[in-house]
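Scroll down for the structure; my scribbles are underneath it.
Please treat every number below as a calculation from the coordinates, not as lab data. What you are looking at is a predicted structure, and each value in this text was computed from that prediction instead of being measured. Methodologically, a virtual Cβ is constructed for each residue, glycine included, from the backbone with ideal geometry; neighbour enumeration extends over all protein chains shown.
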Amino acid sequence: MSLFGAAPLPPTKLGRYRQFAPRAAIHVSPLCLGAMNIGDKWHAIGMGDMNKESSFKLLDAYFDAGGNFIDTASNYQSGSSEEFIGEWAEARGIRDQLIIATKYTNMFKAPNEEVKQKVNFVGNNLKNLRLSVESSLKRLRTDYIDILYVHYWDLHTSIDEFMDGLHNLVTAGKVLYLGISDTPAWLVTKANAYARSHGKTPFVVYQAMYSVLQRDIERDVLPMCQHEECASSGMALTMWGVLASGHIRTDEEEERRRQTGEKGRTVMGPWERTPDEKKMCDALVVVAKQVGAKNITAVAIAYTMHKAPYVFPIVGGRKVEHLMDNVEALGISLTREQISYLDGILPFDKGFPNTLIGEYGTYPWLLASNANFDIQPLLPPITPSVN
């Protein structure tokens, strides 16, 4: 191969990397590997878990397919998620080839009974931030974290406290980029405004629950991320729950699980689908046939990627074959008509003030009744590559 020749084609489209955010020029795989199931401590609470051998097998499959983006948290699998990822990356000697995201806020020492007073091991306060990050660095066997999220706002810690503390970690070289998840949009915009006006490090990514069955972020969070893309901070969007905790499945798959006793995750409620979920899955079957997709899960993932740029679905699961099924999403292009069809299966009320003034990217009807406007289009999503 010539020194200046074209890069070889990747093994899968996980190896076609995308800039993470307008203000974060790292490049990541379009699908992020969610590591909430990686680890061996949560079986008793009804969550999936994996022993070290199966965890390493899944991580190997993702990396060997071109994947470089892994999402975990200080409390996932009571710390064993970070431990397994750290041991695996060290054994393969690939730490610096990875983009590892973790989170702080939850009790990272649970269920350690030696900690009698747990009050300052939770929340967004500076003490928990320091203790949690130090623990994550040790478990991940690294001296820096690529992306550190505030797992959620604790409803008490002030913006200046956690933004100052997070910024100090960045200047110390322990963290490269900051993110936040599961938090009201208004607080995120205030936090980024504080950061910009005080010379601090802003959030560059928001992590949210989103799927064809759960579209709440379209009210405020998604428009916030789209608007911030035009500001100096820039906001990417990572999405969890894109497969609705495994409830996006065909009738045949559900019957198979019922017969084998495999069932599904029960910690968030019954494993079987509701009538509305079945209705949406039937619609995904229709679209899958139209685009030639083998798996409706791939169509559901592709749907989320067609909503905005800088969008990175988090795919979990415990089986390599399920991971490869999800990669199919990276080759699916959906038309506006197909998106509208799926949007209309379970009508979604975006609520006030959207119902009064309209959606972000358009003009309010009171303005449009007085003048004619050429609408400046929002940044489009990235369409699948040919190769």
**Asked** Taking R0 as 45 Å, what's the FRET efficiency between ASP143 and THR260 from their Cβ-Cβ distance, rounded to 0.05?
**Response** 0.50
**Listed residues GLY66, PHE373, SER211: farthest to the positive end of the dipole of the chain (Cβ charges)** = GLY66
**Asked** Among ASN370, ASN120, ASN75, whose mean-square fluctuation peaks in a Gaussian network model of the chain (Cα, cutoff 10 Å)?
**Response** ASN370
**Request:** Could you size up the charge dipole of the chain around its Cα centre, putting +1 on the beta carbon of Lys and Arg and -1 on that of Asp and Glu, and report it in debye to the nearest 20?
**Result:** 380 debye
**Message:** Using just the Cα positions, wrap the chain in a convex hull and report its mean projected area in square nanometres, one decimal place.
**Reply:** 22.1 nm²
**Item:** Ordering of 210-218, 342-350 by burial proxy (mean other Cβ atoms within 10 Å per residue, highest first)
**Value:** 210-218, 342-350
**Fill in**
As straight-line cross-link partners of LYS118, the qualifying lysines (C-alpha separation under 17 Å, not fewer than 8 residues apart within one chain) are LYS109, LYS127
**Prompt:** Which GluC sites (Glu not before Pro) from the stretch 238-336 combine a DSSP loop assignment with at most 12 other Cβ atoms within 10 Å?
**Reply:** GLU262
**Prompt:** In the structure displayed, which of LYS41/LYS116; LYS52/LYS174; LYS294/LYS319 lie more than 24 Å apart, Cα to Cα?
**Reply:** LYS52/LYS174
**Farthest positive-ward along the chain dipole, Cα basis, beta-carbon charges - from VAL119, VAL299, VAL285** = VAL119
**Asked** Per-residue HN-Hα couplings for the stretch 35-45, Karplus 6.51 cos²θ - 1.76 cosθ + 1.60 at θ = phi - 60°, whole Hz, x for Gly and Pro?
**Response** 10, 5, 8, 6, x, 10, 10, 10, 4, 5, 9
**Message:** Taking the alpha-carbon distance from LYS13 and a cut-off under 14 Å, which aspartates and glutamates remain once sequence neighbours fewer than 8 residues away in the same chain are dropped?
**Reply:** ASP64, ASP325, GLU328
**Fill in**
Once the in-chain neighbours fewer than 8 apart are removed, the lysines whose Cα is under 18 Å from LYS289 read LYS278, LYS279
**Message:** Can you list residues from other chains, or at least 5 along the same chain, whose modelled amide H is less than 5 Å from the amide H of TYR177?
**Reply:** ILE147, LEU148
**Item:** 5 Å binning of all Cα-Cα separations within the stretch 96-138, expressed as whole percents from 0 upward
**Value:** 5, 22, 29, 22, 10, 6, 4, 1
**Asked** What 222 nm value per residue comes from the helices of the chain, counting each DSSP H run with n ≥ 4 as -39,500 (n - 2.57) and dividing by all residues, nearest 500 deg cm²/dmol?
**Response** -10500 deg cm²/dmol
